[in-house]
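Student: Structure in structure tokens, see below.
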Amino acid sequence: MNNRLKNCRVPSWRSVSRTLAVLTLGFVAGCQSTATPITTVDDVDLDRFMGDWYVIAHIPTFLEKRAVNAIESYRRGTEPRIETTFRFRNGFDAPVKTYTPTGFVREDSPGHWGMQFLWPIKAEYRISYVSPDYSTTLIGRSKRDYLWIMARTPTLPEQELDALIERAVDWGYKREDIRLVPQRWPEPASS
């Protein structure tokens, strides 16, 4: 037998699980922010917040850098879960992409969620503004790395959109990082 193989030790399950735990904790710690937290809407009415929201503008994640016709839909699940469907295309002729993360509402603050795409990691998701009639909303993060400006309709009047973008800039987001999301409805029948 090869001497190198004879002296090779197979790591124990305990050693492997400890290593994975340390890597996971390191990853989660890296996701934490040292920036001032963005205020959340503490009195959000979750039942009114449910339903479809068109993504009008955003600072995108890597998944949605070229998104068009983006819609985020929320439905109440078993407390404290929010069943989420995020649907978009990477171009109007591209196939529909659908993701189904789960939102977890914090008991002490219904505007502060953890959004889970992959267990056990819950990304910070803050409902930072919602209009009195629940027609527009801003979702932010303390790191100011992602932002979603959403509405119940696929377009907003320019003045209203500008006011929402200005609100985000006042919170520390960079205007030049905000991308408008093209919306063209109805979609082609072959979709």
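The values are calculated or read from the model by the stated rules, or taken from the named source; none is laboratory data. No experiment lies behind these values; they were computed from the predicted model shown. Cβ sites come from the backbone with ideal geometry, for glycine too, and all protein chains shown count toward neighbours. Protein only, heavy atoms only, side chains kept; ligands, DNA and RNA dropped before computing areas. Shrake-Rupley method; radii C 1.70, N 1.55, O 1.52, S 1.80 Å.
Student: In the range 156-172, how many residues are among the acidic types (Asp, Glu) and either open to solvent by less than 70 Å² (accessible area, probe 1.4 Å) or in contact (Cβ under 8 Å) with a residue 12 or more places away in the chain (or both)?
Tutor: Taking the range 156-172 as the starting set, the residues that turn out to be among the acidic types (Asp, Glu) are 158, 160, 162, 166, 170.
Within this subset, residues satisfying the condition of being either open to solvent by less than 70 Å² (accessible area, probe 1.4 Å) or in contact (Cβ under 8 Å) with a residue 12 or more places away in the chain (or both) are 160.
Total meeting the criteria: 1.
Student: Right, here's the next one. Which is more than 18 Å from residue 41 (Cβ to Cβ) and not in a loop (DSSP other than H, G, I, E, B), of 161, 138?
Tutor: Only one candidate qualifies: 161.
Student: Select from the range 173-188 the residues that are more than 18 Å from residue 135 (Cα to Cα), at pLDDT 95 or above and open to solvent by less than 70 Å² (accessible area, probe 1.4 Å) and list them in ascending order.
Tutor: Scanning the range 173-188 gives 173, 178, 179, 182.
Student: Here is a check on your reading of the model: is residue 116 surrounded by 16 or more Cβ atoms within 10 Å (Cβ to Cβ), of a type in the set (S, T, N, Q) and at pLDDT 95 or above?
Tutor: Judged against the criteria, residue 116 is not a match.
Student: Something else: Just to be sure, is residue 153 in contact (Cβ under 8 Å) with a residue 60 or more places away in the chain, closer than 12 Å to residue 57 by Cα and either open to solvent by less than 30 Å² (accessible area, probe 1.4 Å) or not charged (D, E, K, R) (or both)?
Tutor: Taking the combined requirement at face value, the residue does not satisfy it.
Student: Just a yes or no: is a residue in the range 80-89 of a type in the set (Ser, Thr, Tyr) and open to solvent by 50 Å² or more (accessible area, probe 1.4 Å)?
Tutor: Yes, the range 80-89 contains a residue that is of a type in the set (Ser, Thr, Tyr) and open to solvent by 50 Å² or more (accessible area, probe 1.4 Å).
Student: Say whether the condition of being in a loop (DSSP other than H, G, I, E, B), within 16 Å of residue 40 (Cα to Cα) and among the acidic types (Asp, Glu) is met by at least one residue in the range 108-121.
Tutor: Looking for residues that are in a loop (DSSP other than H, G, I, E, B), within 16 Å of residue 40 (Cα to Cα) and among the acidic types (Asp, Glu), one finds at least one in the range 108-121, hence yes.
Student: Is it fair to say residue 133 is on the phi < 0 side of the Ramachandran plot, touching a strand residue (DSSP E or B) at 6+ places or on another chain (Cβ under 7 Å) and either open to solvent by 40 Å² or more (accessible area, probe 1.4 Å) or among the polar types (S, T, N, Q) (or both)?
Tutor: no
Student: Mind counting the residues in the range 44-64 that are open to solvent by 30 Å² or more (accessible area, probe 1.4 Å) and more than 21 Å from residue 153 (Cα to Cα)?
Tutor: Matching residues across the range 44-64 total 2.
Student: Something else: Given the conditions (1) surrounded by fewer than 17 Cβ atoms within 10 Å (Cβ to Cβ); (2) part of a strand (DSSP E or B); (3) in contact (Cβ under 8 Å) with a residue 12 or more places away in the chain, and given that residue 143 satisfies all but one, which numbered condition is not satisfied?
Tutor: All conditions pass for residue 143, except number (2).
Student: Which one of the conditions (1) among the hydroxyl-bearing types (Ser, Thr, Tyr); (2) touching a Gly at 6+ places or on another chain (Cβ under 9 Å); (3) modelled with pLDDT under 95 does residue 19 fail to meet, given that it meets all the rest?
Tutor: Among (1) among the hydroxyl-bearing types (Ser, Thr, Tyr); (2) touching a Gly at 6+ places or on another chain (Cβ under 9 Å); (3) modelled with pLDDT under 95, the lone unmet condition for residue 19 is (2).
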